[in-house]
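The values are calculated or read from the model by the stated rules, or taken from the named source; none is laboratory data. Predicted, not measured: the structure shown is a model, and the values here were computed from it. All Cβ positions, glycine included, derive from the backbone under ideal geometry; neighbour counts span all protein chains shown. When the accessible area is computed, the model is the full protein with side chains, heavy atoms only, and any ligands, DNA or RNA have been set aside. Shrake-Rupley method; radii C 1.70, N 1.55, O 1.52, S 1.80 Å.
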Amino acid sequence: MKITRSWLEDYLDISAKTEEICHELTMAGLEVDEVSKIDNDDLIDIDLTPNRSDCLSVYGIARELNIINEKYKKKLRDDNSSSFNFCENKKINFIINDRTVCPRYSYMYLKNISTSYNIPENIKIRLKHAGINLIHPIVDILNYVMLDFGQPMHAYDADKINGDISIRFAKKDEMIKALDGNEYKLSDENIIISDSNEIISLAGIIGSESSAVTSKTKNIIVESAFFDPNLLANKARKLKL
């Protein structure tokens, strides 16, 4: 995971040198692989073990530093959020076949989104430094929220989805053409999200090309869900994703 010192400073007052920060993180079990200078900033590459998903975000790393040493003091953050009339209370029928697999599934419907909207330049730069490509304003913001606060979400082109949306296990040998352009043969252990016609996402792992957001997308469904971690474990690795 790659984060910049300046991004950490959004959350913490930091007087220590970057080398000292990296040493303390490494001693706490969050090994720092590399530190490099980039655009008058320090880019910190942290190698996390699977049991530390609480640190898969800038906020998580900042919280850890605050716990390690009280000299890393939390900053009070102003709420500068603004409201725009993009949300529509559109009823979409979701079918969850097994609540133990997916106890919580929520969505937001956004209408008439234009790619002419620009995300702030500092967000573009931070995504670039983290190794994330710019795709679409909404997708970019969702990626930023994931890196910043640790909440993964997914965006679907709403106009490419047909009928009800189901959260279920895949059928044996069911196929998905994923966002990376590759096709994957699934087993009945894979949790998938599908519409009435096809798979639109491999839950918690990767979306389908068929429902991908592009520069032509106007209406978007934003998904935020919780899937049983034990049922997702090793599934991406088995598919060589």
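On inspection, ILE44 passes the criterion of being buried (at least 18 other Cβ atoms within 10 Å of the Cβ) and not in a helix (DSSP H, G or I). Of all residues in the stretch 123-140, exactly one satisfies the criterion of being open to solvent by 50 Å² or more (accessible area, probe 1.4 Å), touching a residue at least 24 places away in the same chain (Cβ under 8 Å) and under 21 Å from ASP157 (Cβ atoms), namely ILE135.
A residue that is surrounded by fewer than 14 Cβ atoms within 10 Å (Cβ to Cβ), modelled with pLDDT under 90 and touching a Pro at 6+ places or on another chain (Cβ under 9 Å) occurs somewhere in the stretch 51-71.
Please go through the stretch 193-241 and give me each residue that is among the polar types (S, T, N, Q) and part of a loop (DSSP other than H, G, I, E, B), ordered by number. Within the stretch 193-241, SER196, ASN197, THR214, SER215, THR217, ASN219, ASN234 meet the criteria. Looking at the stretch 52-165, none of the strands (runs of 3 or more DSSP E) lying wholly inside it contains 1 or more residues that are basic (Lys, Arg) and over 20 Å from the mean Cα position of the chain (by Cα).
Within the option set ASN162, ASN143, ASN182, being closer than 21 Å to ILE3 by Cα and free of Cβ contacts under 8 Å to residues at least 40 places away in the same chain holds for one residue only, ASN143. Within the stretch 186-241, if we keep just the residues that are closer than 16 Å to SER166 by Cα, in contact with a helix residue (DSSP H, G or I) (Cβ under 8 Å, 6 or more places away or on another chain) and touching a residue at least 60 places away in the same chain (Cβ under 8 Å), the residue that is surrounded by the most Cβ atoms within 10 Å (Cβ to Cβ) turns out to be ALA203. Before we move on, is PRO120 under 30 Å from ARG168 (Cβ atoms) and open to solvent by 60 Å² or more (accessible area, probe 1.4 Å)? So PRO120 fails the test.
Residue check: LYS172 meets all listed conditions (1) touching a residue at least 24 places away in the same chain (Cβ under 8 Å); (2) open to solvent by 80 Å² or more (accessible area, probe 1.4 Å); (3) in contact with an Asp or Glu (Cβ under 7 Å, 6 or more places away or on another chain) but one, namely (1). Evaluated against (1) free of Cβ contacts under 8 Å to residues at least 24 places away in the same chain; (2) within 25 Å of the chain's Cα centre (by Cα), ASP10 falls short on exactly one condition, (1). Of the residues making up the stretch 142-155, not a single one is more than 30 Å from ILE125 (Cβ to Cβ) and either modelled with pLDDT under 95 or open to solvent by 10 Å² or more (accessible area, probe 1.4 Å) (or both). Within the stretch 13-27, the residues that satisfy the criterion of being open to solvent by less than 40 Å² (accessible area, probe 1.4 Å) and touching a residue at least 24 places away in the same chain (Cβ under 8 Å) are ILE14, ALA16, THR18, ILE21, GLU24, LEU25. Taking ASP33 as the residue in question, decide whether it is open to solvent by less than 40 Å² (accessible area, probe 1.4 Å) and of a type in the set (D, E, K, R). No: the conditions fail for ASP33.
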